[in-house]
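Chemist: Before I ask anything, let me first share the structure, which is written out below as structure tokens.
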Amino acid sequence: MKKMGCIIAVAVVVVIVLAIGGWLGGTYNSFVTKSQAIDAQWGQVETQYQRRFDLIPNLVNSVKGLMAQEKAVFDNLAEARTKYGGATTVDEKAEAASELEAALGKLLVVVENYPEIRSSTAVVGLMDELAGTENRISVERRRYNELVQSYNTSIKTFPNNMVAGMFGFTEKEYFKSVSGADLAPKVEF
């Protein structure tokens, strides 16, 4: 009878250890899955940035000949593209992308002020492509932030926060616009 009690006690302990191990493994795998989804979504954001960067030189070249006096706008665009190319972290890339958006906004204001540019079918087509790209970027950024929110919530809630701490899962950064991104660009002639 004593032997049977020991076997039952050992079996209960084994079941408890397996249940805890299963929960730890499942929680760990959930964190890894969410972290990978965030990384993949940031890749989508960068894909849309690349699409934008590929369109901008075409737009600039289409407009450049018609408005040589707006050299500063073109220089700002080129500088922002270069800065993005050298950025390595999400924050650096977000800041560089925001600078590019500001420079691009100035270019679009300039284009609006030149009727001969607005009437160019090449420029109109490129501007439509750019507008579509901006919408895609917005969607991808929103999706990225939603994944970050889900991940951050999951690593901060009890008892997941204990597992996150044990395995080194830390909070991910949201995509944030740089300060001043909410202001309309000013273009003076």
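Laboratory data are not the source of any read-out in this text; all were calculated from the coordinates shown. Owing to the predicted nature of the structure, the values given are computational and were not obtained by experimental measurement. Positions of Cβ are backbone-derived with ideal geometry, glycine not excepted, and every protein chain shown enters the neighbour counts.
Chemist: Quick one: which of LYS106/LYS156; LYS83/LYS156; LYS156/LYS176 span more than 32 angstrom between C-alpha atoms? Provide the component values of the computation, followed by the final result.
Modeler: On the way: LYS106/LYS156 41 Å; LYS83/LYS156 34 Å; LYS156/LYS176 21 Å.
Distance filter (> 32 Å) returns LYS106/LYS156; LYS83/LYS156.
Chemist: Using alpha-carbon positions, what is the distance between the centroids of region 1-60 and region 101-176, in Å?
Modeler: Between the Cα centre of region 1-60 and that of region 101-176, the gap is 25 Å.
Chemist: Given a Förster radius of 35 Å and the C-beta distance between GLU112 and ALA37 as r, what FRET efficiency does 1/(1 + (r/R0)^6) yield to the nearest 0.05?
Modeler: Working: r = 39 Å, r/R0 = 1.12.
E between GLU112 and ALA37, to the nearest 0.05, is 0.35.
Chemist: Let me ask something else about it. Could you work out the relative contact order of region 2-167, using alpha carbon pairs under 8 angstrom and six or more residues apart, expressed as a whole percent? Provide the component values of the computation, followed by the final result.
Modeler: Numbers: 88 pairs, mean separation 63.8, N = 166.
Relative contact order, region 2-167: 38 percent.
Chemist: So what is the 222 nm mean residue ellipticity for the chain from helices alone, if each DSSP H run of at least 4 adds -39500 (n - 2.57) and you divide by all residues, rounding to the nearest 500 deg cm²/dmol?
Modeler: Values: 6 runs with 150 residues, N = 189.
Per the formula, -28000 deg cm²/dmol.
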